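Readers should treat all values here as calculations from the given coordinates under stated rules, not as data from a laboratory. Model, not experiment: these values are computed from the prediction. FYI the Cβ positions are ideal-geometry reconstructions off the backbone, even for glycines, and counts take in every protein chain you see.
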Amino acid sequence: MDVEKLKASVRGEIDTHRHRLGELSLKIHSNPELGFQEVKAATWLTEYLKESGFSIEQGICGLPSAFRASYGQGEPVIAILAEYDALPKLGHACGHNLIATSAVGAGVASKLAMEQLRGSILVIGTPGEELYGGKVVMANRGAFDGVDTVMMVHPGVLNAATTQFLACHHLEVEFFGKAAHAAARPEAGINALEAMLQSFAAINSLRQHIKDRARIHGIITDGGEAANIVPDHSAGKFIVRAVDDNYLDELKQKVINCFIGAATASGARLEYRWGEARYAPLRSNVTLARLFRQNMQSLGRKVHLLDPSNSIGSSDMGNVGQLAPSIHPLVAIAPAEVLLHSSQFASAAGSEAGLRGLLDGAKALAMTVVDLVANPGIVTRIKEEFRRGK
Ligand SMILES: [Zn+2]
Ligand SMILES: [Zn+2]
């Protein structure tokens, strides 16, 4: 088996599909759909995969816009993930249209490897990354059971084979006070807004003494109705993040203590709810990342093994990485000064540079699939590394 020849043919296959992939990417880009509502994107992606010979299961895990497309037989079982949700108001400012179409391109090209060798390729459609943690739901409902390795590629401002993601948990907080005339009878009121403001002050004080790279941030979603009424209700949304699960647990309690302190001081009653989906930190598989890096570099891109920037968010991919050896690489589509989740990044996701990122991302993924099916020993090593917790 000539691995290099097979890699050249998967690259060629992606070039053959270049116009259709580009069109599909732009169609998703100009029809942005929010998390768990991405039915158009899911339909277009599965139509493409079905025409290319994949078997399709739509609406898996009880999520209408999730899907699983499969081709081939037996092991290794290699999954490539597609995301396709957009952001409120900004559209595809995280470039998930490119993630989706690079996954489809990689899946279609990987068929060549499955035909010549042995193995199964899955393209798994994972909705609602931005707002809901769709992969957390899917992981809990078995979507990644029996999968040997998981890969996807996310657009960014540099090329990197691994990304760091923080563990994170969303929190909703409400204070209940007592309304009163703010001038005539202020002494009779209990001010729920002040309780919220004191919570922010306490969290700001706490922030000086937390571990490096942990994050706490929030917004007020209800701060009262009128300036002459003592607010009897306030509400806010917060996110707490940390490098590892243990510190996240510790920090969550410290944050709750800030709210309890504010409730005690103001006399307002506190209610809080942690979000359903708790994001795990991402464990990137180093062997898989090295293979991907080598393949991406062969396309003429300079690729970091580790993302050298300090920018770290969180992703539901973290939860997938706890179940199977995974990577979440980045492919550059915009200059370093462009920010993710900005209108400039949304433009980049629909640009020529975005298309080049899509094609290179798809090629690097498909070539890595070739490496995996051509060398079963590598898959064993990757799984061993995963079991050892590396
Ligand atoms: Zn995003
Ligand atoms: Zn994203």
Using alpha-carbon coordinates, inclination of helix 18-29 to the longest axis of the chain, degrees: 10 degrees
Residue exposure sequence - 44, 274 - by fewest surrounding Cβ within 10 Å: 274, 44
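For segment 266-390, what is Rg from Cα atoms divided by 2.2 N^0.38 Å, rounded to two decimals? Walk me through the intermediate numbers first.
Values: Rg = 18.3 Å, N = 125, 2.2 N^0.38 = 13.8 Å.
Output field value: 1.33.
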Relative contact order (%) - criterion: Cα under 8 Å, at least six apart; region: segment 154-231: 36 percent
Alpha carbon Rg of segment 106-222, scaled by the compact-globule rule 2.2 N^0.38 Å: 1.80
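Which percent, to the nearest 5, of DSSP beta bridges fully inside segment 5-124 are antiparallel? Please report the intermediate quantities before stating the final value.
On the way: 11 of 16 bridges.
For segment 5-124, the DSSP antiparallel bridge percentage is about 70.
Write down the percent of antiparallel bridges among all DSSP beta bridges whose residues are both part of the chain, to the nearest 5. Before the final figure, lay out each step's value.
On the way: 40 of 57 bridges.
If I count the DSSP bridges inside the chain, around 70 percent turn out antiparallel.
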Signed unit charges on C-beta, dipole axis of the chain, positive-most listed residue 110, 285, 349: 285
Candidates 30, 284, 120, ranked by Gaussian network fluctuation over the chain, Cα under 10 Å, top entry: 30
Residues with amide H under 5 Å from that of residue 17, placed H, sequence gap 5 or more: none
In degrees, nearest ten, helix 96-116 long axis to first principal axis of the chain (Cα): 30 degrees
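Which value at 222 nm does the chain reach when only helices count, each DSSP H run of 4 or more adding -39,500 (n - 2.57), with the total divided by all residues and rounded to the nearest 500 deg cm²/dmol? Provide the component values of the computation, followed by the final result.
Numbers: 12 runs with 163 residues, N = 390.
Taken over the chain, the calculation gives -13500 deg cm²/dmol.
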Cross-link table 211/237; 5/363; 135/363, entries beyond 18 Å C-alpha to C-alpha: 211/237; 135/363
Residues whose placed amide H lies under 5 Å from that of residue 215, excluding near-sequence neighbours: 241, 242
In degrees, nearest ten, helix 192-207 long axis to first principal axis of the chain (Cα): 60 degrees
Separation between Cα centres of segment 119-184 and segment 220-268, rounded to whole Å: 22 Å
Normalised contact order of segment 162-305, rounded percent, pairs of Cα under 8 Å and 6 or more residues apart: 37 percent
Rg to Rh quotient for segment 27-103, alpha carbon positions, Kirkwood Rh: 0.99
Shape category assigned to segment 1-143 from the gyration tensor of Cα positions, a/c cut at 1.5: oblate
Under the Karplus curve 6.51 cos²θ - 1.76 cosθ + 1.60, θ = phi - 60°, whole-Hz ³J(HN,Hα) for segment 45-57, x wherever Gly or Pro sits: 5, 6, 4, 4, 5, 5, 4, 8, x, 7, 8, 10, 10
Choice from 245, 212, 371 with maximal GNM fluctuation in the chain (Cα, 10 Å cutoff): 212
Leading residue at positive end of dipole, the chain (Cβ point charges), from 28, 72, 389: 389
Per-selection metrics, the chain (Cα): Rg and Dmax in Å: 23.3, 87
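Over the chain, what relative contact order in percent results from Cα pairs under 8 Å that are six or more residues apart?
24 percent
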